[in-house]
Amino acid sequence: MRTLAFFLVALVSPLMLLPACSARGEGRPLRQDIAVRLEPERHLLSGESTLELASGAPDRIAFTLNERATVERVTVDGREAASRRTGESLVVTLPRGGGTTSHRVTVRYRCTFNDPAPERPVVTEDPSYGVSGAITPRGTYLGSDARWYPSPETLPKIRRVTVTAPAGMEAITAGRRIARSTVGGAATSTWEESIPLEGLSLSAGPYVIAERSVDGIPLYTYLYPENYPLAERYLEASAGYLRFYAEKFGPYPFEKFAVVENFFPTGYGFPSYTLIGGTVIRLPFIVHTSLPHEIAHCWWGNGVLVDHRQGNWSEGLATYLADHLLEERKSAREGRDYRFRILADYASLAGEGDDFPLARFLGRVDPASRSIGYGKGAMLFHMIRKRIGDEAFFGALREIFREKRFSVASWDDFTKAFSRAGGEDLGPFVAPWLQRPGGPRLALAGVATRRHGPGWLVTGAVRGGGGYPLGVTVRVEAGGSRHDRTLELEGDETPFAVPVPAAPERVVLDPEVDLFRILSPAELPPTVNRLKGSRALTAVVARGCGVSDGTLRLLLRSLGQGDAPLLREEAADASLLAGRDLLLCGVPGRSGLLPPLPRGVVPASGGFAVNGTSHDGAGDLLLAVATRPGDPGRVAALLLANSPAAAEAAVLRITHYGRYGILVFSDGENRVKEIPLPTGGGSVVTFKQ
């Protein structure tokens, strides 16, 4: 899940594919048939599961089922059977001496699911919003962690799910849709998995369904009526992404793909469908960002499963193969800019005390973990690709998908595959990036230039390798051309000397942003993420703020800064603000409190202007982030709302634009988003001509 790059989509993938036999030697069930009826007004699920066991089954079979569920009846081959419940465990006793015959174990049960689903969530880093199961008139979501059906210890060879709901409520789950009808006031659909995976989820709602196929794969959209006009756009885009990734990695591994709308703002990737909240699905860029990310997960995370014992590689790989790769396909510059945003997010969000090794990443729980698992993980895959080349990199991925489809893979498995493809042992290269928190802090040092024969010689050093095994490019720009030199870093300082034919203009460290490194504060653009990652943020309310304290508190909570102090300007003396990041509501009257704003941002009476355009409507709001002069590494953000209603409509959206530093909203809709330029840093040296 995005992770959504913007709305932070999280992958909900199965933890593992269970082996054909359990530790006790239990034979694999032949099939499981699950039939459930949903009663949204009562939040009730009534279900019946029948598990067919081959001959040779043990004398008991164990299931996992929600501990709140009422088990109404258990039968074996149609006869009442003894069973025992302990928490979520349900153990059914099979007839003695029946090992030479097959059995059918049926469990009839019911359970209510009514987790409160948020309508206007404030904190969005928990992708579930605390909801594992909810059956409501607005819609139904039953995640695998809701334990909504009796799940046997060993997966069956085939699993079929039939869902019945009130007419007008359509349901969807994993697998191929083999039947769908509406009869007598009830809508019924049946889904079948030919290769069941652990972690079955189910959704239902008043969906309008659209469908088509691509290369024999059924494609669906299950959208609420108000979003149905988006169906063709999502179907067309899904078809393109499926073809693209099939050519890259191998055949699509599931029976269908569907884009499904949820009634609260999730972003999940399940085997064979993605579940995206209605407020998210309407955003115009989601089809270019979140959608390909979730489709990539069909290969990586749901097709090849994650061995979590060594950490979760799937979010970094999906980010690299979707969010990054699609930017790179536009142009090399777009790819470079995306990688720089990864580094900026990491430096802004994974501060001291929040950082941890990539091998410990299991899933996103806050901005810091997202920047590690998604961002640093993506950069590790990029460094491997640059080291072994495109042919070897993508060839290794095809090999892994072919050999590990529907089974677990670890970081070790990827390292070995890349090593075979690249012809070198990558273990020593990969290990530090997985096992150590943080990364190298690189900077140019002692850069000088002098005449050298008919041309010039640029000398200097790169500092801060930090013991990481890496090569870094130093680029000298001279006479309209570029001269690159790659250095293998050794020790604390590695010297370089680059001859050029004309007067040098600029020296750039890692010009294509091919390395993961920790940016210095001076290299970071002032952005919303700097506020989110701050460990010392203070909000200051000027007399002309015009935003209620409650709305400001809502903004701070959405930024993960709910404990930040909120001070009136007259009470905020310099000693309280020194060394802190600031959120300024309204233009302060005290001189020196407002930093120089980004170019083009001008507060004005009754509104503000950005790049020459006036914004004086009652629904307009500005947030502009700038560097605090005299406080290295600190930022100050100016919040201007033309009315309290403008603030109420926009404050919960600001957090989703973390990589931007200039934002304009009108009635809650984003109109302007820009990234201000950083003030400098140790990665660029410019010569005066």
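Enumerate the pairs (first residue in the range 51-70 and within 10 Å of Val91 (Cα to Cα); second residue anywhere and among the acidic types (Asp, Glu)) with beta-carbon separation below 8 Å, excluding pairs fewer than 6 apart on the same chain, so at least 6 apart or on different chains.
If the second residue must be among the acidic types (Asp, Glu), the pairs left are Ile61/Glu26; Ile61/Glu153; Ala62/Glu153; Phe63/Glu153; Thr64/Glu88; Thr64/Glu153.
So, of the residues in the range 529-562 that are of a type in the set (S, T, N, Q) and part of a loop (DSSP other than H, G, I, E, B), which turns out to be surrounded by the fewest Cβ atoms within 10 Å (Cβ to Cβ)? Explain how you work it out, then say what you get.
Quick first cut of the range 529-562, residues of a type in the set (S, T, N, Q) only: 529, 534, 538, 548, 551, 558, 561.
When the remaining residues are screened for being part of a loop (DSSP other than H, G, I, E, B), the result is 534, 548, 561.
On the way: Ser534: 22, Ser548: 13, Gln561: 22.
Among those residues, the one meeting the criterion is Ser548.
Does Glu261 satisfy the criteria of being at negative phi and at pLDDT 95 or above?
Values: at negative phi: yes; at pLDDT 95 or above: yes.
Answer is yes for this residue.
Determine which single condition Thr154 fails, assuming it passes every other condition in (1) of a type outside the set (A, V, I, L, M, F, W, C); (2) closer than 22 Å to Asn302 by Cβ; (3) touching a strand residue (DSSP E or B) at 6+ places or on another chain (Cβ under 8 Å).
If we test Thr154 against (1) of a type outside the set (A, V, I, L, M, F, W, C); (2) closer than 22 Å to Asn302 by Cβ; (3) touching a strand residue (DSSP E or B) at 6+ places or on another chain (Cβ under 8 Å), just (3) comes out false.
Within the range 576-605, can you find the residues that are β-branched (Val, Ile, Thr) and either within 33 Å of the chain's Cα centre (by Cα) or under 14 Å from Arg634 (Cβ atoms) (or both)?
Answer for the range 576-605, where residues must be β-branched (Val, Ile, Thr) and either within 33 Å of the chain's Cα centre (by Cα) or under 14 Å from Arg634 (Cβ atoms) (or both): just Val601.
Rundown of residues vs (1) in the same structural domain as Trp411 (by TED's automatic domain parsing); (2) in contact with a Phe, Trp or Tyr (Cβ under 8 Å, 6 or more places away or on another chain); (3) surrounded by fewer than 24 Cβ atoms within 10 Å (Cβ to Cβ), yes/no style:
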| residue | (1), (2), (3) |
| --- | --- |
| Phe263 | no, yes, yes |
| Tyr268 | no, no, no |
| Val280 | no, yes, yes |
| Trp313 | yes, yes, no |
| Gly316 | yes, yes, no |
| Arg329 | yes, no, yes |
| Ala332 | yes, no, yes |
| Gly335 | yes, no, yes |
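Within the range 440-454, is there a residue that is touching a Gly at 6+ places or on another chain (Cβ under 8 Å) and among the basic types (Lys, Arg)? Write out each step before concluding.
Step one: of the range 440-454, the residues touching a Gly at 6+ places or on another chain (Cβ under 8 Å) are 440-448.
Narrowing the set further to residues that are among the basic types (Lys, Arg) leaves 441.
Among the residues of the range 440-454, at least one is touching a Gly at 6+ places or on another chain (Cβ under 8 Å) and among the basic types (Lys, Arg), which makes the answer yes.
Do we have any residue at all in the range 520-528 that's surrounded by fewer than 20 Cβ atoms within 10 Å (Cβ to Cβ) and closer than 30 Å to Arg568 by Cα?
Of all residues in the range 520-528, those surrounded by fewer than 20 Cβ atoms within 10 Å (Cβ to Cβ) come to 520-522.
Next cut, closer than 30 Å to Arg568 by Cα only: 521-522.
Within the range 520-528, one or more residues are surrounded by fewer than 20 Cβ atoms within 10 Å (Cβ to Cβ) and closer than 30 Å to Arg568 by Cα.
Within the range 202-212, can one find any residue that is modelled with pLDDT of 95 or more, polar (S, T, N, Q), under 30 Å from Glu153 (Cβ atoms) and in the same structural domain as Ile178 (by TED's automatic domain parsing)? Write out each step before concluding.
Here is the first cut: in the range 202-212, the ones modelled with pLDDT of 95 or more are 202-212.
From what is left, the residues that are polar (S, T, N, Q) are 203.
Adding the requirement that they be under 30 Å from Glu153 (Cβ atoms) leaves 203.
Okay, now just the ones that are also in the same structural domain as Ile178 (by TED's automatic domain parsing), so 203.
Checked the range 202-212: at least one residue is modelled with pLDDT of 95 or more, polar (S, T, N, Q), under 30 Å from Glu153 (Cβ atoms) and in the same structural domain as Ile178 (by TED's automatic domain parsing).
Among the numbered conditions (1) modelled with pLDDT under 95; (2) not β-branched (Val, Ile, Thr); (3) not in a loop (DSSP other than H, G, I, E, B), tell me where Leu582 comes up short.
(1)
Here is a list of conditions, (1) part of a strand (DSSP E or B); (2) at pLDDT below 95, and Ala171 meets all of them except one; can you say which number that is?
Every condition holds for Ala171 apart from (2).
So how many residues does the range 86-116 have that are more than 24 Å from Arg28 (Cβ to Cβ) and not hydroxyl-bearing (Ser, Thr, Tyr)?
Final tally of qualifying residues: 7.
Keeping to the range 634-677, report how many residues are in contact with a strand residue (DSSP E or B) (Cβ under 8 Å, 6 or more places away or on another chain) and hydroxyl-bearing (Ser, Thr, Tyr).
Going through the range 634-677 one residue at a time, the tally reaches 3.
Of everything in the range 177-192, what is surrounded by fewer than 24 Cβ atoms within 10 Å (Cβ to Cβ) and under 15 Å from Arg31 (Cα atoms)? Give them in sequence order.
Residues of the range 177-192 surrounded by fewer than 24 Cβ atoms within 10 Å (Cβ to Cβ): 177-190, 192.
Across the range 177-192, the qualifying residues are Thr190, Glu192.
Looking for whichever is farther than 20 Å from Ala417 by Cα and of a type in the set (A, V, I, L, M, F, W, C) here; the options are Leu349, Leu397. Which one fits? Write out each step before concluding.
Working: Leu397 fails: farther than 20 Å from Ala417 by Cα.
Going through Leu349, Leu397 in turn, the sole match is Leu349.
The values are calculated or read from the model by the stated rules, or taken from the named source; none is laboratory data. Worth saying up front: this structure is predicted, and the values here are computed from it rather than measured. All Cβ positions, glycine included, derive from the backbone under ideal geometry; neighbour counts span all protein chains shown.
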